[in-house]
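The values are calculated or read from the model by the stated rules, or taken from the named source; none is laboratory data. Quick caveat, the model's predicted, so the values are computed rather than measured. Methodologically, a virtual Cβ is constructed for each residue, glycine included, from the backbone with ideal geometry; neighbour enumeration extends over all protein chains shown.
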């Protein structure tokens, strides 16, 4: 889409949002409100900054800091566990089967107890 189709104000804290539909720097599914509230997981920071319009446009609009992106290489990020008090956005630019595997893993990790995450 050229304009967001998801209203970030309506996404509840703790929700998992899988954004796999756009991979152009000027296309997006998610608005900057959601991208600014969420923990954002990407396959690769470089790829997201080049191809993921949801990420590129939110950064351009000032609601997302590129340093806050969590990559698949470090799924807990520098902050530790994924916080439950905000949405989790998984934004991918890759192959469909990769998107599904990543989404399932992210959801399982979010739902796991602290002991299960170790």
Top-ranked residue of region 20-36 - restricted to ones that are at pLDDT 95 or above and touching a strand residue (DSSP E or B) at 6+ places or on another chain (Cβ under 9 Å), ranked as farthest from residue 90 (Cα to Cα): 31
Tally, over region 105-118, of residues that are closer than 11 Å to residue 82 by Cβ and at pLDDT below 75: 1
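Kindly state which helices (runs of 4 or more DSSP H) lie completely within region 1-72 and contain at least 1 residues that are without any contact (Cβ under 8 Å) to a residue 12 or more places away in the chain and more than 20 Å from residue 104 (Cβ to Cβ).
Hits in region 1-72: 45-51, 53-60.
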Region 73-104, subset out of contact with any strand residue (DSSP E or B) (no Cβ under 9 Å at 6 or more places or on another chain) and part of a helix (DSSP H, G or I), residue modelled with the highest pLDDT: 104
